[in-house]
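To keep things clear, I will list the structure first and then write my remarks on it.
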Amino acid sequence: MPIPAVQFSDERLPNGLRLIVVEDHLAPVAAVNIWYNVGSKHEQPGKTGFAHLFEHVMFQGSRNVGKAEHIALVQAAGGTMNGTTWLDRTNYFETVPSHQLELALWLEADRMGTLLEALSQENLDNQREVVKNEKRWSYDNRPYGSWNEKLQAHLFPPEHPYHHSTIGSMQDLDAASLDDVQEFFRTYYAPNNAVVSVVGDVERAQVRDWTDRYFGPIPANPSIPTLADLSLPPTLGAERRETVPDRVPLPRIYVGFRAPAFGDPRMDALDVASQIVAGGKGGRLHKRLVRQERMAQDVALFTLGFVGGASITAGWATVRPGVDVERVERALHEELERLAVEPVSDDELARARALIETDELGALSRVEERADRLSMYATLFDQPELINRMLGRYLSVSAEDIQAAAAATLQPDNRVVLTYVPEQDPAQSGELPDPLETEAAEDEQVAA
């Protein structure tokens, strides 16, 4: 069956803003997704956390929009909205009834062009505290919450911009002046550093007219700084280990590997391998560690794709009560190393392809997901047409491709191992329920 293609227009305004439009009149909704080519990798030493801070500041008002009014206006129009920050980008998005599309475009343009008119010391101080609370909630006080920060710090050297997480340093944010933050915005929040994708029940000519009207007057920044060479050796050269005493109910072993950059075909192979190893209850790790040998509560394997020189392949296994941690770690390593020494079976490959195809087609059926992917491929690769190629790339991954990618990546000399252990006896903090017993009880209820 042929893979459906997304038909889109792609053009630039005189100020450099890239506009991508997909007309889809199936439902009366429209998605707006704007990607700025700025993430935590663009931050300077001593000034980390700025990209993520602006994800919050961007909702604090602009010339014509009051504090938190952006959210209120979108919701009052029957829409939804949010923003996210990553190492390679920051994005903002709205999904609205199609007759409210002009509002969404105007709101995004107003804050791109005039946010600094509303950015006060009071707003900056307020959002600093919001970010600190987010760090406490999502990192410091969440069980196993520091794993991502620690993996990045081990897998990337201190001088590399992926060494620090997007949340940044609280000390850096405390030291940031209003002038520092304003300069960061002036540098990166420019139309020639952004892609706007609009997908849904829209007319391309009308979208272009509104975009010209609202974004067109915003001046470009001709001096956006370029990044230094971010390339790295393909492997670490030696295993790195850290034991992390934490307020966790059970021990958990994380493994992380330096992987090829996002967009590299070897990452396609590692994505498929992740489905074979940890794609639901049929994955190798679940079948062996959870169901057969009953040594793990849960398992995972996944990729974190970055474009600046290298990415991460990572996974975990949570140790069941009373099971030796080293035994679980050995089994986890054995299953990953198997990928490098023996081809996956035809059945496993077919199952992985089916799971990926289902996920990809499901995502592409949603207007907001198409808008996000078009902005992503345009921003990171200057190739929005990748939206029509990626599924085919995944489906063409062979057993030999997986074996070669695993042999190059999932090796002991390229491995970080983080072992989280409870600060107190799990019996004192409450054991997690046995997933096998819970599953059996659910089966009995269904049978009854």
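The values are calculated or read from the model by the stated rules, or taken from the named source; none is laboratory data. The shown structure was predicted, so the numbers you read here are calculated from the model rather than taken from an experiment. Cβ coordinates were reconstructed from backbone atoms using ideal geometry, including for glycine residues, and neighbour counts include every protein chain displayed.
For this structure, a couple of remarks:
- Test: residue in the stretch 224-240 that is of a type in the set (A, V, I, L, M, F, W, C), without any contact (Cβ under 8 Å) to a residue 24 or more places away in the chain and under 30 Å from residue 13 (Cβ atoms): yes
- Every pair of residues 6+ apart whose Cβ atoms lie under 8 Å, when the first sits in the stretch 280-307 and is more than 30 Å from residue 376 (Cβ to Cβ) while the second is modelled with pLDDT of 95 or more and polar (S, T, N, Q): 290/297; 296/318; 297/318
- The stretch 210-238, subset exposed (fewer than 14 other Cβ atoms within 10 Å of the Cβ) and among the charged types (D, E, K, R), residue farthest from the chain's Cα centre (by Cα): 213
- Residues of the stretch 63-82 that turn out to be assigned to a loop (DSSP other than H, G, I, E, B) and within 12 Å of residue 103 (Cα to Cα), as a count: 4
- Residue 129 being surrounded by fewer than 19 Cβ atoms within 10 Å (Cβ to Cβ), part of a helix (DSSP H, G or I) and over 18 Å from the mean Cα position of the chain (by Cα): yes
- The residue that is farthest from the chain's Cα centre (by Cα), among those in the stretch 148-193 that are of a type in the set (S, T, N, Q) and part of a loop (DSSP other than H, G, I, E, B), is 177.
- In the set 431, 400, 423, only one residue is of a type outside the set (S, T, N, Q) and either closer than 18 Å to residue 262 by Cα or at pLDDT 95 or above (or both); that residue is 400.
- The sole residue among 55, 94 that is in a helix (DSSP H, G or I), of a type outside the set (Ser, Thr, Tyr) and not assigned by TED's automatic domain parsing to the domain that holds residue 377 is 55.
- Restricted to the stretch 261-282, and to residues there that are over 21 Å from residue 329 (Cβ atoms) and in contact with a Leu (Cβ under 8 Å, 6 or more places away or on another chain), the residue that is surrounded by the most Cβ atoms within 10 Å (Cβ to Cβ) is 272.
- Of residues in the stretch 291-311 being surrounded by fewer than 23 Cβ atoms within 10 Å (Cβ to Cβ) and of a type in the set (Val, Ile, Thr), the one farthest from residue 358 (Cα to Cα): 307
- Checked against the criterion of being crowded, with 21+ Cβ neighbours inside 10 Å, of a type in the set (A, V, I, L, M), in the same structural domain as residue 17 (by TED's automatic domain parsing) and at pLDDT below 95, the stretch 178-192 has at least one qualifying residue.
- Criterion (over 19 Å from residue 188 (Cα atoms), in contact with a strand residue (DSSP E or B) (Cβ under 9 Å, 6 or more places away or on another chain) and surrounded by 19 or more Cβ atoms within 10 Å (Cβ to Cβ)) met by exactly one of 73, 155: 155
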